[in-house]
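S.K.: One structure, as structure tokens, below. Some questions next.
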Amino acid sequence: MAQRLVVIGNGMAGARTVEEILARGGDFDITVFGDEPYGNYNRIMLSNVLAGVEDESGIFLNDLSWYADNGITLNAGVRVARIDRFAKQVYAEDGTATPYDKLIIATGSRAWVPPIPGVHRKGRGYHQGVFAFRTLDDTRAMIRYAREHERAVVIGGGLLGLEAARGLQNHLGHVTLVHAAGHLMNTQLDAAGGAILQRSVEALGIEVVTDALTTEILGKHSVTGVKLKDGRTIPCDVVVIAAGIRANADVAEVSGLVVERGIVVDDQMRALDEADIYAVGECAQHRGQTYGLVAPLWDQAKVLADHLTGRDPDAAYHGSRIATKLKVAGVDVAAMGIQTAERDDDETLVFSEPRKGVYKSLVIRDGRLVGATLVGDVRKYAFLMQAFDRELALPEDRVELMFDLGGPPAEVSAADMADDAQVCNCNGVSKGTLVETVHGGCKTVNGVMDKTRAGKGCGTCKSLVQQIVEWAAGGEVEEDPKASWYVPGVPMPKPELMAAIRTHGLKSVSSVFATLVPGGEEDAKSKMGLASLLKMMWGDEYVDERDARFINDRVHANIQRDGTFSVVPQMKGGVTTPAQLKRIAEVAERHSVPMVKLTGGQRIDLLGVPKEKLPQIWSELDMPSGYAYGKSFRTVKTCVGSDFCRFGVGDSTALGIALEERYQGIEGPGKMKLAVTGCPRNCAEAYVKDLGVVAIDGGRWEIYVGGAAGAHVRKGDLLATVSSPDEVVTLTGRFLQYYRENANWLERTYAWVPRVGIERIREVVVDDADGIAADLDAAMDASVGAYRDPWKERVEPVTPGQFRTSLPLVVLPQVPVR
Amino acid sequence: MSIRLGPVAEIPVGEGRTYAVDGDMVAVFRLRDGSLRALSAVCPHKGGPLADGQIDMKVVVCPLHLNAFDLTTGCSLTGQPDLTVYPVGVDDEGHIVIYSEVPA
């Protein structure tokens, strides 16, 4: 026979616990007692009912039929008087006795009404016109009464009081908020934050009086005003008391359970010294703490359900780190942790803009966020909450904690996004799909990315995908060791991998797998990154295995959606000649190249060339490869510089050509796009390149690194200002070599430079603080020396069928011919 | 029944090549241990040429959008429809052979 489970309390905690038990397939005969004669409703939404933005039916979580459908006996409107812990029976006020095997007390809390003279009338409950604000019935009565009256006073400037004041404005003309403490929401906000909130609330037409202890409710037959300690009286005909809540533990107390501020429970939510009685929600006191918010209650319900159903008998609740985000009387407020610095070495960050009603204050201890208060602008809440909850490392620039500074779009809040919001715009993956995948049991970021393809396009959404996975896994995200590896198939970060490659003298991709992977298993997705690394490390000595190359690198052209390729000949610095243009035009015409297009890198692209035609086209063009297909040095975009431009202050074209001449085709962890511009007008867009050079007056050149203007937009950081083109060439080579040796596979400079820090890069590359500048230069020299134009492979294919078509006979999506 | 495609030496080790078999396109891969695998040649996702993909001992990765397929079973590892697998071997003269039935 199923065990008998009795739940006292049909509020959010009781019903949620029952839901969690049902979700775990718990086999119980469930009986629920509820004080109120309804199903189960969302108490938080009562302020919306009061404000008229939600009607009563909209706030019900489970109506009466839900109980019937789930075989739950609901005794709505039946109050429990007493528990017999020894006979294991619950006695209700209607005289019934209900036996239990397990008992859950979820009696929540009740409004706390301070002992103010005049609140009550003998034998009649509250004085005529006085209301508490706790239940649906309270709310209904308040609305009814307020509509026929003029002026209301709300006692209590906490969350509930503010909500009540705002809601009452819908029903009568004048609302005054009276608060005993020095500032509003004093349990959540510091004084400055409270003051700014007060301004915003007053702007809504609510009068606020702080430091105002109410000493008496005036009026003989009905309320006529309230009297304050300083002697002032405020005339009114409605009084709403929202001075706080207290755990509702009377039943437990009269039944002999241990009750302090709430029913004392252990980590399984079990009442002290009881085998079969549990308490959850606002009525429970866990490790000295009672909670008045919904999030801890959800946590408790889960633990209790895990424990009771046997899903995890040792499930334990460890308390909640409370972070709240609320819309209080129309003003966004969020708070977590402590309000102000408590120790000498606590860092405090404060931003205040009273005119806009914005206030932010953060407290940081030992590099971790320990408190935050936000008023008026809570956009950083999700980010801060994660940092607070998981004690994450904080950004070096602390200001990023408060504001979005145009960094990566990682700060979008995972929690706030709608389920159907598209996260990966390349592969069309929504937040909902990611969350489902996580709930389906896949709890590593890479695992979810593999399954859904999210983040596998341009990659800009990766950090957001990571946040959503972490959020969906609720802190149970599994560390993916692969995240720190250079490539997923070899278990080593880049520095260790490079050391091991040197130690063992590994010069081919297959030897790396055979030597460094336990079991020697090769991995298709790791080959390209290893090939790039080995080529960089060994130059001429690298043993080139063609299968380690991606198709683009096998045939030196960029594969297109229909399986054809694009051909981009080198055009150094974007400078061409009439003869070159004629030749390109003739080749394109002769082979009916479907599209001829100018690229963003100032070159000409022949698109739609079948693989088998590549060698012939290269031969007819008789131009070197422009490398528009590899993870490599791509182009140097230039402006016309001083030769023709009347503003140019440096010969950017000549320098651009010199750079491309020297560093053409060099492989790296990611693409390297450069530019040289002849003056700070920046026509060649040098500020947003992996490396951009800007001529400035006086014959000098600025070198910017880590810029980007693709999926990610970032202005480069100034690496150095030098006085000659030769120095630019040298520093470019040294910077690129340092990047090649240290960046992770596919990590572009716009991510790598901020990760390492421009100061550190400048130390190494410009100041030679590590004494490795000569080594970097020599390594780059060797790579430059080892360069061969790959389009020379046209004469004799390197492998059999190198240029044989892989195009299926089946018709592919056709690219239109223009 | 079997169909001879061409000398196995046509396929460099670790790569794939496409062959026409009875109007179907079949991608044949030569793994680094010398063994062969044969699968339908067209990625069911967006029609990518699988013979241009990179392989290891287990999977082929389509060059267009990096969808992965098990070389032995044809099963997609990235949520795409599965591929047809063809029994493949090498005959006495070193030619690739596709069997229409699994050889005894």
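The values are calculated or read from the model by the stated rules, or taken from the named source; none is laboratory data. This is a predicted model, so every value here is computed, not measured. Please note: Cβ atoms are built from the backbone with ideal geometry, for glycine as well, and neighbour counts cover all protein chains shown. We work out accessible area using only protein heavy atoms, side chains counted, and drop any ligands, DNA or RNA first. Shrake-Rupley method; radii C 1.70, N 1.55, O 1.52, S 1.80 Å.
S.K.: Answer yes or no as to whether A:GLY608 is at positive phi and either of a type outside the set (S, T, N, Q) or in the same structural domain as A:ALA579 (by TED's automatic domain parsing) (or both).
M.R.: yes
S.K.: Additional query: Please pick out the residue among A:ALA68, A:ALA51 that is touching a residue at least 60 places away in the same chain (Cβ under 8 Å) and over 26 Å from A:VAL264 (Cα atoms).
M.R.: A:ALA51 is the lone residue from the list that is touching a residue at least 60 places away in the same chain (Cβ under 8 Å) and over 26 Å from A:VAL264 (Cα atoms).
Yes/no per residue for (1) in contact (Cβ under 8 Å) with a residue 24 or more places away in the chain; (2) aromatic (Phe, Trp, Tyr); (3) in a loop (DSSP other than H, G, I, E, B); (4) crowded, with 21+ Cβ neighbours inside 10 Å:
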site	(1), (2), (3), (4)
A:VAL596	no, no, no, no
A:GLN602	yes, no, yes, no
A:GLU620	yes, no, no, no
A:MET623	yes, no, yes, no
A:ARG634	yes, no, no, yes
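S.K.: From the list A:GLY474, A:GLY519, pick out the single residue that is farther than 26 Å from A:ALA415 by Cα and either out of contact with any Gly (no Cβ under 8 Å at 6 or more places or on another chain) or of a type in the set (D, E, K, R) (or both).
M.R.: Step by step, each of A:GLY474, A:GLY519 is checked, and only A:GLY519 is farther than 26 Å from A:ALA415 by Cα and either out of contact with any Gly (no Cβ under 8 Å at 6 or more places or on another chain) or of a type in the set (D, E, K, R) (or both).
S.K.: While we're on this one: Over 14 Å from the mean Cα position of the chain (by Cα) and either among the hydroxyl-bearing types (Ser, Thr, Tyr) or more than 10 Å from every other protein chain (Cβ to nearest Cβ) (or both): which single residue out of B:ASP91, B:ASP82 fits that description?
M.R.: Only one candidate passes the filter, namely B:ASP91.
S.K.: Quick check on this structure: which one of A:GLY95, A:GLY25, A:GLY118 is open to solvent by 10 Å² or more (accessible area, probe 1.4 Å), touching a strand residue (DSSP E or B) at 6+ places or on another chain (Cβ under 7 Å), on the phi > 0 side of the Ramachandran plot and not in a strand (DSSP E or B)?
M.R.: That would be A:GLY118, the only listed residue that is open to solvent by 10 Å² or more (accessible area, probe 1.4 Å), touching a strand residue (DSSP E or B) at 6+ places or on another chain (Cβ under 7 Å), on the phi > 0 side of the Ramachandran plot and not in a strand (DSSP E or B).
S.K.: Also, I was wondering about something else. Among the listed residues A:LEU506, A:LEU516, identify the single one that is buried (at least 21 other Cβ atoms within 10 Å of the Cβ), among the aliphatic types (A, V, I, L, M) and more than 30 Å from the chain's Cα centre (by Cα).
M.R.: A:LEU506
S.K.: In addition: Using beta carbons and a limit of 8 Å, which pairs, at least six apart or on different chains, have the first residue in segment A:791-804 and more than 18 Å from A:VAL567 (Cβ to Cβ) and the second one open to solvent by 40 Å² or more (accessible area, probe 1.4 Å)?
M.R.: These pairs meet every condition: A:PRO800/B:ALA9; A:PRO800/B:GLU10; A:GLY801/B:GLU10.
Let's see how each residue does on (1) surrounded by 15 or more Cβ atoms within 10 Å (Cβ to Cβ); (2) assigned to a strand (DSSP E or B); (3) not assigned by TED's automatic domain parsing to the domain that holds A:ASP267:
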| position | (1), (2), (3) |
| --- | --- |
| A:TRP298 | yes, no, no |
| A:GLN339 | yes, no, yes |
| A:VAL363 | yes, yes, yes |
| A:THR373 | yes, yes, yes |
| A:ASP377 | yes, no, yes |
| A:ASP389 | yes, no, yes |
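S.K.: Please go through segment B:19-46 and give me each residue that is within 8 Å of another protein chain (Cβ to nearest Cβ) and open to solvent by less than 10 Å² (accessible area, probe 1.4 Å), ordered by number.
M.R.: Matches in segment B:19-46: B:ALA27, B:ALA41.
S.K.: Please go through segment A:519-531 and give me each residue that is surrounded by 18 or more Cβ atoms within 10 Å (Cβ to Cβ) and part of a helix (DSSP H, G or I), ordered by number.
M.R.: A:ALA524, A:SER526, A:LYS527, A:MET528, A:GLY529, A:LEU530, A:ALA531
S.K.: Restricting to segment A:705-754, count the residues that are in a loop (DSSP other than H, G, I, E, B), on the phi < 0 side of the Ramachandran plot and of a type in the set (A, V, I, L, M, F, W, C).
M.R.: Within segment A:705-754, residues that are in a loop (DSSP other than H, G, I, E, B), on the phi < 0 side of the Ramachandran plot and of a type in the set (A, V, I, L, M, F, W, C) number 3.
S.K.: Right, another one. Would you confirm whether any residue within segment A:302-318 is buried (at least 20 other Cβ atoms within 10 Å of the Cβ) and part of a strand (DSSP E or B)?
M.R.: So far as segment A:302-318 goes, no, none of its residues is buried (at least 20 other Cβ atoms within 10 Å of the Cβ) and part of a strand (DSSP E or B).
Here's the yes/no breakdown for (1) open to solvent by 30 Å² or more (accessible area, probe 1.4 Å); (2) assigned to a loop (DSSP other than H, G, I, E, B):
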| residue | (1), (2) |
| --- | --- |
| A:ARG321 | yes, yes |
| A:VAL350 | yes, no |
| A:LYS360 | no, no |
| A:MET385 | yes, no |
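S.K.: Which residues, taken from segment A:195-224, are part of a strand (DSSP E or B) and either touching a residue at least 40 places away in the same chain (Cβ under 8 Å) or open to solvent by 80 Å² or more (accessible area, probe 1.4 Å) (or both)?
M.R.: Hits for segment A:195-224 are A:GLU207, A:VAL208, A:THR214, A:THR215, A:GLU216, A:ILE217, A:LEU218.
S.K.: Related question: Being on the phi > 0 side of the Ramachandran plot and within 11 Å of another protein chain (Cβ to nearest Cβ) is the filter here; which residues of segment A:514-563 pass it?
M.R.: Those that are on the phi > 0 side of the Ramachandran plot and within 11 Å of another protein chain (Cβ to nearest Cβ): A:GLY519, A:GLY520, A:GLY563.
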